[in-house]
1. Got at least one residue in the range 147-169 being at pLDDT 95 or above, of a type in the set (Lys, Arg) and out of contact with any helix residue (DSSP H, G or I) (no Cβ under 8 Å at 6 or more places or on another chain)?
2. Taking the range 258-270, which residues are crowded, with 18+ Cβ neighbours inside 10 Å and under 21 Å from Gln233 (Cβ atoms)?
3. Could you say which residue among Asp283, Asp305, Asp291 is modelled with pLDDT of 95 or more and touching a helix residue (DSSP H, G or I) at 6+ places or on another chain (Cβ under 8 Å)?
4. Which of the residues belonging to the range 159-185 are part of a loop (DSSP other than H, G, I, E, B) and under 22 Å from the mean Cα position of the chain (by Cα)?
5. When residues of the range 22-59 are filtered for being among the charged types (D, E, K, R), surrounded by fewer than 24 Cβ atoms within 10 Å (Cβ to Cβ) and under 21 Å from Leu134 (Cβ atoms), how many remain?
6. Given the conditions (1) over 20 Å from Glu185 (Cα atoms); (2) in contact (Cβ under 8 Å) with a residue 40 or more places away in the chain, and given that Gly76 satisfies all but one, which numbered condition is not satisfied?
7. How many residues does the range 103-132 hold that are without any contact (Cβ under 8 Å) to a residue 40 or more places away in the chain and over 30 Å from Ala296 (Cβ atoms)?
8. In the range 305-327, which residues are aliphatic (A, V, I, L, M) and crowded, with 21+ Cβ neighbours inside 10 Å?
Amino acid sequence: MQGGIKMAYEYDVAFIGSGQGAWNGAIPMAQAGLKVAVIERGLWGGVCTNRGCNAKFTLDRPVALLTQIKQLQGRGFDSVPQINWPDLMAHKHEVIGPLSDSNRQKLINAGVKTIVGCATFVDAHTLQVNHHTLTADKIVIVSGQRPKRLDIPGQQYMHDSTDFLSATPLPHRLVILGAGFVGMEAASIAKAAGADVTLIVDSTKALKQFYQPAVKQLISQMQSDGIKFIFGQETTAVEKTATGYRLLGANQFVQDADYILDATGRTPNIEKLNLPVTKVTTDAHGIIVNDHLQTAEPNIYATGDVVSKRIPKITPTAIFESQYLAQLFTQQTTAAIQYPAIGVNVFTMPRLAQVGISPDVAKQELNKYRVEHYCYADDWYHQVQNETSGGLTVVFNRQDQLVGAVDLSNEAPNTINTFIDYIQMGITAKQLHNFVYIFPSLQHSTMRKM
């Protein structure tokens, strides 16, 4: 609307980016009759589909199997197979390679206009893509994030997560800077495949957003598998040597490597959008939106990892936001977005997953919560797998409703996915006994504990 006059635009909705925060909303919008365009400068489906979660999970699959076989040595297995990295990488390309074209075709089949190019704002309703412009009533920014690079001498010798997920051959001496999701998962995969792995962390903690007693137990397990951790060490430079690379740091620190993965964080992709011609505001974490995912420019919205938010920046969150906008833009709702309980998982071995109120928070407010812990060393179901470490920590409120859980085990994602349902339904400890599960099963074993 301009001056009370309804303007005619080429599209009802235009998405900048084709990741999970775009196509999960673009397709139902088009199916509902809206004229929708999706603009993509790279691979269709975004980082998760092509250069992140899916690729990582493909490489991780034999790692999970290998861990289970190792745990059963002398209990049914008498040897441990080796991961063939070139074969595994070829399989990853086989699985991931077709996804970009497939995702674009899904959009086309739904009636969405797909446009290849880099979009920049001309004004709040106009985008320039290559040498052409297009207009839209509403524009959704789904430009995501990219890996950060440490700004130090020799940064050109370091690699990011995209590089690592296509690395051939497997590096012999792998050094990883950072111990967040990317660093910990890469370490787990590379070590299982035969690499010598060292993580260098400039702080004293890994996986800061996770329940730290469980993180410490995970680190202990990874160390017993041969992964080395160096905490509290700043890296100040990288040098090329005759045999590889050398990392330098404070207090005369030196570490040699064949391959360096910079996993120190991610940064929002906003610089090339030309946002100053709009009213869109940003901070260090991304684009600022309200409870309708609306920016300070009323017709411009944002979803996915480019949004500045406290909730986890993960694929399921982006999907949820995109589907919410589909309902909002097709007048199925006018309500603010209401995020459900969101589970997060780090794909190490063992897995570490959590949802809801953290036990760290609960222990500081014991007038509101109670915390229970169950050790898997005493659980027969996990003894069958000879999984003797790990455990489950759960949080109940004073109404005895389940409000949080943390699990460290081979099957942590499945455990936490079950708890997500309970938390959403407001299930109490007593009501958990109203469920009859298949026996034996993970769900049955978990519920029997409580």
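1. Checked against the condition, which is being at pLDDT 95 or above, of a type in the set (Lys, Arg) and out of contact with any helix residue (DSSP H, G or I) (no Cβ under 8 Å at 6 or more places or on another chain), the range 147-169 yields no hits at all.
2. Across the range 258-270, the qualifying residues are Tyr259, Ile260, Leu261, Asp262, Ala263, Thr264.
3. Details: Asp283 fails: touching a helix residue (DSSP H, G or I) at 6+ places or on another chain (Cβ under 8 Å); Asp291 fails: touching a helix residue (DSSP H, G or I) at 6+ places or on another chain (Cβ under 8 Å).
The match here is Asp305.
4. Let us first name the residues in the range 159-185 that are part of a loop (DSSP other than H, G, I, E, B), namely 160, 165-172, 178-180.
Scanning the range 159-185 gives Asp160, Leu165, Ser166, Ala167, Gly178, Ala179, Gly180.
5. Going residue by residue through the range 22-59, those that are among the charged types (D, E, K, R) are 35, 40-41, 51, 56.
Checking the rest, the ones that are also surrounded by fewer than 24 Cβ atoms within 10 Å (Cβ to Cβ) come to 35, 41, 51, 56.
From what is left, the residues that are under 21 Å from Leu134 (Cβ atoms) are 35, 41.
Residues in the range 22-59 being among the charged types (D, E, K, R), surrounded by fewer than 24 Cβ atoms within 10 Å (Cβ to Cβ) and under 21 Å from Leu134 (Cβ atoms): 2 in total.
6. (2)
7. Of the residues in the range 103-132, the ones without any contact (Cβ under 8 Å) to a residue 40 or more places away in the chain are 105, 108-109, 126, 128, 130-132.
Now restrict to residues that are over 30 Å from Ala296 (Cβ atoms): 105, 108-109.
So the answer is 3.
8. Filtering the range 305-327 down to residues aliphatic (A, V, I, L, M) leaves 306-307, 311, 314, 318-319, 325-326.
Across the range 305-327, the qualifying residues are Val306, Val307, Ala318, Leu325, Ala326.
The values are calculated or read from the model by the stated rules, or taken from the named source; none is laboratory data. It should be emphasised that the depicted structure is a prediction, and the values quoted were computed from it without experimental measurement. Cβ coordinates were reconstructed from backbone atoms using ideal geometry, including for glycine residues, and neighbour counts include every protein chain displayed.
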